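Notes follow the structure.
The values are calculated or read from the model by the stated rules, or taken from the named source; none is laboratory data. These numbers come from a predicted model, not from an experiment. Every residue, glycine as well, gets a Cβ built from its backbone with ideal geometry; the counts of neighbours run over all protein chains shown. When the accessible area is computed, the model is the full protein with side chains, heavy atoms only, and any ligands, DNA or RNA have been set aside. Shrake-Rupley method; radii C 1.70, N 1.55, O 1.52, S 1.80 Å.
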Amino acid sequence: MRSHPIPPQFTKSDWFPIAAALSPLLVFALLFVLPVTRPATTEFVEDNWGSIAGVWGLGVIISVLGVAKGARTAATKAVSAEQVRTALEELEDAAEKCTQLGQFARDQKWDLVHLRAQEVMVRCRTTVERWGGNDALKDSRNKVLQVATFMRSIVEETHSASVNRKIILDAQLNSDEKLAAVVGKIHREQESGSK
Amino acid sequence: MRRISDQELINSLIVATEEDRIDWQPSGTVDQYTASFGGKWTLVIDKGQNSSGDDIFWLDVKDSAGENIVRLTPYDDNRIPALFEMARRFALKIDQALADLLKEIDKAKK
């Protein structure tokens with residue numbers, strides 16, 4: 001079976017807990033090496049080996065828990081970064097389609113406007129559902145939800161007998177602004193997170 | 001869980017709209033205004049005409065998937081046309097335009 005390399009975020013801080021777990025051994029080794037402390041240390045170890053082993057075991061468990069917690073945090077961050085990257089791709093695609101929608105509306109190609117509006121609406125809904133209930137994204141979710149609603153209204157408008165081009169273009173422009181704001185915010189957060 | 005009445009919802013929306021706490025925006029269709037909240041909920045208030053040419057109003061509350069969870073009409077609460085007018089004034093920035101107009105009229109007086 002092929003082994004995958006361990007990501008650096010899982011390994012870079014591992015030496016500290018290992019050193020912490022082994023540090024009592026170092027102290028005892030020193031005490032054994034020094035002729036002055038050797039008899040007392042031997043006697044202490046013989047009398048209390050159970051307690052020493054217990055305390056050392058507890059230390060090892062705490063270190064292992066610390067490493068596991070760090071690994072879990074790193075894994076959560078990796079999943080969150082992946083979610084943001086996927087959302088960014090979807091929203092950039094939605095923004096591009098929204099701009100195309102404007103061009104089709106100016107050319108009064110209502111079938112294409114209808115199609116693009118549906119595509120942007122689906123992208124927006126999928127993104128909001130994927131983001132879940134993260135409070136930090138509330139404002140962005142509101143914007144994306146509004147774009148989805150604008151797109152739905154554009155779809156409805158293209159069904160009407162006399163399509164109102166101005167109102168469609170206004171909604172498209174508003175959607176473009178909102179999508180650009182959300183995409184810009186995600187880019188800023190990605191850049192500040194990578195520094 | 002406590003049951004929320006239609007009147008309670010409309011009351012809350014009217015107060016919030018009066019206090020400019022709802023960012024109503026014109027949608028992509030005539031006489032329709034929308035606002036989103038909490039990253040989950042979307043309000044859509046709409047005006048149309050029935051077959052005899054009378055104005056009809058309705059308010060939809062949608063979830064994040066775009067599903068309508070509540071639809072209220074003036075039969076449920078007769079303040080819906082007033083809420084529509086408030087949403088329209090906010091979305092089209094009518095009060096700001098009128099304030100600007102009054103300022104210009106005052107300037108012309110001096």
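Could you rank the peptides B:55-68, A:85-98 by their average count of other C-beta atoms within 10 Å per residue, with the highest value first?
A:85-98, B:55-68
At R0 = 35 Å, how high is the FRET efficiency between B:A108 and B:D31 if r is their beta carbon distance? Nearest 0.05 is fine.
FRET efficiency, B:A108 to B:D31: 0.60.
Inside 10 Å of the C-beta atoms of B:35-46, what's the mean count of C-beta atoms belonging to other chains?
5
Need one value for A:146-159: mean number of C-beta atoms belonging to other chains within 10 Å of its residues' C-beta atoms.
Across the residues of A:146-159, the mean count of other-chain Cβ atoms within 10 Å is 5.
If you take the accessible area of A alone, add that of B alone, and subtract the area of the pair, what total do you get in Å², probe 1.4 Å, to the nearest 100?
Counting protein atoms only, the buried area is about 1600 Å².
Let me have the relative contact order for chain B, percent, based on Cα pairs under 8 Å that are six or more residues apart.
Computed over chain B, the figure is 23 percent.
For peptide B:63-70, what's the mean number of Cβ atoms from other chains within 10 Å of each residue's Cβ?
Across the residues of B:63-70, the mean count of other-chain Cβ atoms within 10 Å is 3.
Apply the Kirkwood formula to chain A: the hydrodynamic radius equals the inverse of the mean of 1/r over all pairs of different alpha-carbon atoms; give it in Å with one decimal.
Every distinct Cα pair counted, the radius reaches 21.7 Å.
So what is the accessible area of chain A per residue, in Å², with the probe set to 1.4 Å?
63
Using r as the Cβ-Cβ distance of A:S23 and A:E129, and R0 as 51 Å, what FRET efficiency do you calculate, to the nearest 0.05?
For R0 = 51 Å, the calculated efficiency reads 0.55.
Within the accessible area of the range B:1-105, what % is carbon and sulfur when the probe is 1.4 Å and the other protein chains stay in place?
Taking all protein chains in place, the range B:1-105 shows 52 percent carbon and sulfur surface.
Find the centroid of the Cα atoms in the range B:51-110 and in the range A:145-174, then give the distance between the two in whole Å.
Cα centroid to Cα centroid, the span is 18 Å.
Hey, in the GNM for chain A with a 10 angstrom Cα cutoff, which one of A:A171, A:A19, A:A148 fluctuates hardest?
Looking only at A:A171, A:A19, A:A148, the largest GNM fluctuation is found for A:A19.
Assigning unit charges at the beta carbon (Lys, Arg +1; Asp, Glu -1) and nothing else, what dipole magnitude in debye, to the nearest 20, does the range A:73-195 show about its Cα centre?
For this selection, approximately 180 debye.
Using a Förster radius of 51 Å, what is the FRET efficiency between A:D47 and A:Q190 based on their Cβ-Cβ separation? Nearest 0.05, please.
Rounded to the nearest 0.05, the efficiency is 0.30.
Measure nothing but the geometry: give the 0 to 90° angle between the long axis through the Cα atoms of A:38-106 and the longest principal axis through the Cα atoms of chain A, rounded to 10°.
Once rounded, one gets 10 degrees.
Per residue, how much accessible area does chain B have with a 1.4 Å probe, in Å²?
Ligands and nucleic acids excluded, the result is 61 Å² per residue.
Of the options A:T158, A:S80, A:I186, report the single residue whose Cα projects farthest towards the positive end of the charge dipole of the range A:72-195 (beta-carbon charges: Lys, Arg +1; Asp, Glu -1).
Positive-end residue among those listed: A:S80.
Calculated from DSSP H runs of 4 or more alone, at -39500 (n - 2.57) each and per residue, what is the 222 nm mean residue ellipticity of the protein assembly as shown, nearest 500?
Computed ellipticity for the protein assembly as shown at 222 nm equals -24000 deg cm²/dmol.
Give me the percent of accessible area attributable to carbon and sulfur for chain A, probe 1.4 angstrom.
Solvent-exposed carbon and sulfur of chain A make up 63 percent of the total.
What distance in nm lies between label points placed 7 Å from Cα along the C-beta direction at A:Q108 and B:Q7?
5.1
Assuming 0.36 nm per residue, please report the length gained on full extension of the stretch B:Y75 to B:K93 beyond their Cα-Cα distance.
3.6 nm
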